[in-house]
Amino acid sequence: MNIAHLLLGAARAHGERPALARGAGSHSTYRDFWRQVAVMSTHLKHRFGLKPGERVALAMTNGVEALEAMYAVWHAGLVAVPINAKLHPREFAYILEHSGARLCVVTPDLATTIAEAAAGLKALVEIVETGTRSWTFMGNGDPSALVERAPEDLAWLFYTSGTTGRPKGAMLTHRNLLAMTLNYFADIDRPAPGGSILHAAPVSHGSGLWNFPLLRAGAVQVFPESGKYDVAESVELMNRWGDCSIFLAPTMVKRLVEHPAVAELRPGALRLITYGGAPMYVSDLKRALGTLGNVLVQLYGQGESPMTITHLSREEHARRDHPRWEARLASAGLPDSCVEVRVVDESGRPMPVGEPGEIVVAGDTVMAGYLENPDATRRSLRGRWLWTGDVGAFDADGFLTLMDRSKDMIISGGSNIYPREIEDVLNLHEGVAECSVVGRPHPEWGEEAVAFVVRRGGATVGPAELDALCLAHIARFKRPKDYRFVEALPKNNYGKILKTDLRTQLADAPRAPGEAD
Ligand code: AMP
């Protein structure tokens, strides 16, 4: 089944409801949105001569046009390649070439970059810039019928955020996206018609993936006019549209909670925040629950099994009287309904309860492989299992706690140290705004932990205080042997901390004289 059937279904069930909105203003109803997409797809097929299965790159900052382009692509039986608008020109060039895109839809701010990146690419036949005559022209003409696709056909080529190395193109099929959508209704939320989703994060990633369930539920898809995540604007838009669902990275939740505008949120404006993509520290989570109420659901997923591996439900967030409430807040919750999740050793044997191992997942959300990368595909897909590269452990009740990416784990004197555990402790300190712990080679111990710390404005916290905090909470050998106080942590375009960059910084800066051992 073509995933674009969801839009057809929404047009039938919610035709008169607003579908797309620019800021506070409605842009189209579901019926108009569907018609627009069906007309645009006629142009894709006939004007540009694109054949089912061919790829269309979308180099677009967030806006209603991004969803119009995506659905037109699917309606015509084509494959969408959404690209994060903040990438480096070299990364645009790489993805355009690697995906074999035949057409690229681009927003004006990226037009020059894409024109340069596309120079010399043989497969790319056309670039269409939104807002130009060429784009407007695509909205005129006759609608064409939806092109049917098989469930295993490719729908979305999802380039991984690449905290290391080159991005890889995870091939997501129509079945993958449909399973993810149904899983949303099973485990995350059952939104009521008439609500909204605010796309404050890029639709090339998690926020765009969540468009499917909210679209099918008849929610209006709201794009902030600023094109970015501005807390005050987001609060205004939640108040304007109401019953709002939003996907945020943990650092974005923290910004919302700490912003004075949060006091302006009116009752019923915010329905649900799904957060994920990186660890959310328990101290931040408790504060968010205290300020926002019971509106949080955590998800753990990755591009290779989009948004769907485990989740921590609203109910679990609210169970303050449960003896393991804090441990559960620190976990990523229970396996999702449509997948099987295991924690295994190197040979794939399940680990006993409480013992860490690599997290593997099987089910209809698991990608078909990486485009033209058989080695990486072989490493990640073994039989029906996707090896996530994440380390975690199940507790006796089946809750999964994520430790770290396997490559981020520190091995010191033969013992494993999970940076997340140390970061959780450092975050307890009022003076710590953000922190990240990485390993540094040590001649005797193999590796030792080093903490990078961003102080909260005006705070003077130093190594001695943080060391004492660690000694009070975790085993002595785990505590950082060095603290680096920095202005900011290096992050990628999705806000994930680049531990690789921190390790490089350490390799470039020798140990300070007299540093503690
Ligand atoms: P991406 O494919 O860019 O979405 O990145 C997926 C990776 O983000 C996962 O493999 C995890 O390492 C991390 N991640 C996703 N969700 C969570 C979560 N809830 N808690 C901690 N890390 C997460």
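Values for this structure:
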| quantity | calculated |
| --- | --- |
| Exclusive hit being within 16 Å of the ligand (Cβ to nearest atom) and polar (S, T, N, Q), set SER415, SER380 | SER380 |
| Search result, residues across segment 285-322 that are assigned to a helix (DSSP H, G or I) and of a type in the set (Val, Ile, Thr) | THR291 |
| Lone unmet requirement of (1) surrounded by 13 or more Cβ atoms within 10 Å (Cβ to Cβ); (2) in contact with a strand residue (DSSP E or B) (Cβ under 7 Å, 6 or more places away or on another chain) for LYS496 | (2) |
| Set LEU292, LEU299, LEU334, LEU312: member being surrounded by fewer than 22 Cβ atoms within 10 Å (Cβ to Cβ) and within 15 Å of the ligand (Cβ to nearest atom) | LEU334 |
| Number of the condition not met by ALA117 [criteria: (1) within 17 Å of GLY208 (Cα to Cα); (2) not in a loop (DSSP other than H, G, I, E, B)] | (1) |
| Residue tally, condition surrounded by 24 or more Cβ atoms within 10 Å (Cβ to Cβ) and within 19 Å of the chain's Cα centre (by Cα), over segment 71-84 | 4 |
| Residue in segment 437-450 that is on the phi < 0 side of the Ramachandran plot, within 16 Å of the ligand (Cβ to nearest atom) and modelled with pLDDT of 90 or more present | yes |
| Spans of strands (runs of 3 or more DSSP E) in segment 12-109 with at least 1 residues of a type in the set (A, V, I, L, M, F, W, C) | 18-22, 55-59, 79-83, 103-106 |
| The lone exception for SER134 - which of (1) surrounded by fewer than 22 Cβ atoms within 10 Å (Cβ to Cβ); (2) touching a strand residue (DSSP E or B) at 6+ places or on another chain (Cβ under 9 Å); (3) under 23 Å from VAL366 (Cα atoms) it fails | (3) |
| Selected residue (criterion: farthest from the ligand (Cβ to nearest atom)) from residues of segment 487-499 that are modelled with pLDDT of 90 or more and not hydrophobic (A, V, I, L, M, F, W, C) | GLU487 |
| Residue, nearest to the ligand (Cβ to nearest atom), within segment 386-410, restricted to residues that are aliphatic (A, V, I, L, M) and within 19 Å of LEU498 (Cα to Cα) | LEU402 |
| Residue tally, condition farther than 21 Å from ARG166 by Cβ and acidic (Asp, Glu), over segment 48-106 | 3 |
| Which listed residue is at pLDDT 95 or above and buried (at least 18 other Cβ atoms within 10 Å of the Cβ), from HIS14, HIS5 | HIS14 |
| Only listed residue being modelled with pLDDT of 95 or more and within 20 Å of GLY277 (Cα to Cα), chosen from LEU381, LEU386, LEU371 | LEU386 |
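The values are calculated or read from the model by the stated rules, or taken from the named source; none is laboratory data. Model, not experiment: these values are computed from the prediction. Positions of Cβ are backbone-derived with ideal geometry, glycine not excepted, and every protein chain shown enters the neighbour counts.
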